[in-house]
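Worksheet: one structure, shown below.
What follows draws every value from the coordinates through simple rules; no lab data is involved. No experiment lies behind these values; they were computed from the predicted model shown. Please note: Cβ atoms are built from the backbone with ideal geometry, for glycine as well, and neighbour counts cover all protein chains shown.
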Amino acid sequence: MAVTLTSTGSLSPVRGEVRGQLAQWGRSDLAEDCLLVVSELVGNAFDHGRAPVRLSLVLRGHGGDQVLRIQVTDLGPGFDTELVKARCVV
């Protein structure tokens, strides 16, 4: 599943799409946690990045060995990951 959002107002319908996709995959049990993560990541992308924001969900694996990947990207300049690591270590 992949969607592009142009404003935070478009997040509400996307929540329904996320819920529907998880149901199609038979993983409705992940809906509440997934929606929380999606809302936080998309909100951060709009607050600190630049629109449009792209959200993708990918479910890999089978049975009890599945991994759900939630990815959010925006057009912002990004940040220096080494600086963030250094701050976490201090």
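Observations, loosely collected:
- Each Lys or Arg adds one and each Asp or Glu subtracts one; over the other residues with Cβ under 14 Å from the Cβ of S7, this totals 0.
- Long-range tail of P(r) for the chain (Cα pairs > 15 Å, %): 62
- Above 12 Å, the calculated P(r) of the range 14-66 contains 67 percent of its Cα-Cα pairs.
- GNM top mover of D80, D47, D29 - the chain, alpha-carbon springs below 10 Å: D80
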